[in-house]
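Chemist: Below you will find the structure I want to go over with you.
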Amino acid sequence: MKKATVFSLVREQSMFMTIIMGLLTFLSVLALGIALSIGTGVVRWNTQWDNFATIQVTDSKNIDTVTKIIETNRDKMKSIHRVSTEKMNELLGPWISNGGNALKNYLPTMWEIEFNSAPDMASVQTAVEKSARFLSHASALKNSTSAGWKMIAISVFILILALGAIGISISYIAQNTAMLHKRELEILTQIGASDEFVARQMQIIVAKIAAMATTCGFIAATPVLLLILSVAHSARVGLMAMMGLTGYGWIALISMPILIIVFAIIVTRRTTLNILKAQ
């Protein structure tokens, strides 16, 4: 036989708790999803460019020397692309066309190379660094990677704030409920009900509200997160285009509402027991 709870939240408290937990769950799932998506993008971004580098020769006297080094180390390279003068003019078109024709006299000779491995890239770098500028793509893109990690940190900070707000809201509601049902609590104590029993009553109430609120919050956050990823992918290039969620990422997102429910139950129990002990 199903046992009814001895007391419950008043309607206003129940509505407030449902709305606030639904909103905070929405923010939590969204923040976690963005953090995981950007993290995936950073990993993919770094992996993509780990073995790529550009060799720039600014002194024409060193071109033959660098060319010879490249030819000697061809077995260490997957692909070699020498950037043509026409391509350089195209890349620098906005500056050259706006009165910067003198730049044409200082355009470097460039090779874009994909190496077989990091040791192969380091070996060639050592050989050419006296005659040319060796720039790995990974190091050149450190600013993008750094921006990605900063966005992850901001998302995690928002997630922590949301969880903290959930804990504070539950504590407040538990205290307010204890005050409203002070008479019922006194009667329960007089007839021998334990603090554990009373705390369990509150846990049942909060668990039901949290389950409904977190479900609504997750359902609302999912399409928004998918829309953000869709907009990011439309960039086609850059770190944003690398963003995405793996299978493990979706498991983590689905687990978030469950963890919030467990967190709410734990906070409710501790708060209720502290209130009862203080009486």
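Chemist: Under 11 Å from a point 7 Å along the Cα-to-Cβ line of residue 133: which residues of the stretch 41-56 have their amide N that close?
Modeler: 55-56
Chemist: 5 Å is the cut-off here: which amide hydrogens, built 1.01 Å from N in the peptide plane, fall below it relative to residue 136, excluding neighbours closer than 5 in sequence?
Modeler: Under 5 Å from the amide H of residue 136: 54.
Chemist: Pull out the extension gain between residue 224 and residue 125, defined as 0.36 nm times the separation in residues minus the alpha carbon to alpha carbon distance; nm, one decimal.
Modeler: Fully extending the segment from residue 224 to residue 125 adds 31.1 nm.
Chemist: Evaluate the distance, in nm, between pseudo-label points positioned 7 Å from the Cα of residue 80 and of residue 161 along their respective Cα→Cβ axes.
Modeler: For residue 80 paired with residue 161, the spin-label model returns 5.3 nm.
Chemist: Determine ³J(HN,Hα), in whole Hz, for all residues of the stretch 256-271 in sequence, where each value follows from phi through the Karplus function 6.51 cos²θ - 1.76 cosθ + 1.60 and θ = phi - 60°; x replaces Gly and Pro.
Modeler: 4, x, 5, 5, 5, 4, 4, 4, 5, 5, 5, 4, 4, 4, 5, 5
Chemist: Could you put 12, 114 in order, starting from the residue whose Cβ has the fewest other Cβ atoms within 10 Å?
Modeler: In increasing order of surrounding Cβ atoms, one gets 12, 114.
Chemist: Okay, next question. Could you pull out every residue, at least 5 positions away or on a different chain, whose amide H is within less than 5 Å of the one on residue 77? Hs are placed 1.01 Å off N in the peptide plane, and Pro or chain starts have none.
Modeler: 116
Chemist: Report the label-to-label distance for residue 64 and residue 117 in nanometres (one decimal), using points 7 Å from each Cα along the Cα→Cβ vector.
Modeler: 3.4
Chemist: Taking 0.36 nm per residue of separation and subtracting the Cα-Cα distance, what length does fully extending residue 262 through residue 175 add?
Modeler: 29.4 nm
Chemist: Also, quick follow-up: Quote the FRET efficiency, to the nearest 0.05, computed for residue 187 versus residue 19 with a Förster distance R0 of 35 Å and r equal to the Cβ-Cβ distance.
Modeler: Once the sixth-power term is evaluated, E becomes 0.65.
Chemist: Work out from phi, with θ = phi - 60° and the Karplus expression 6.51 cos²θ - 1.76 cosθ + 1.60, the ³J(HN,Hα) of each residue of the stretch 17-25, listed in order in whole Hz, and give x for Gly and Pro.
Modeler: Each residue of the stretch 17-25 in turn: 5, 5, 5, 5, 6, x, 5, 5, 5 Hz.
Chemist: Where does each of 43, 29 land when they are ranked from fewest to most other beta-carbon atoms within 10 angstrom?
Modeler: Fewest-to-most Cβ neighbours within 10 Å comes out as 43, 29.
Chemist: So if R0 is 41 Å, what FRET efficiency would residue 194 and residue 251 give, r being the distance between their Cβ atoms, rounded to the nearest 0.05?
Modeler: 0.60
Read-outs: derived from the displayed coordinates by stated rules, not from any lab. Source: prediction; values computed, not measured. All Cβ positions, glycine included, derive from the backbone under ideal geometry; neighbour counts span all protein chains shown.
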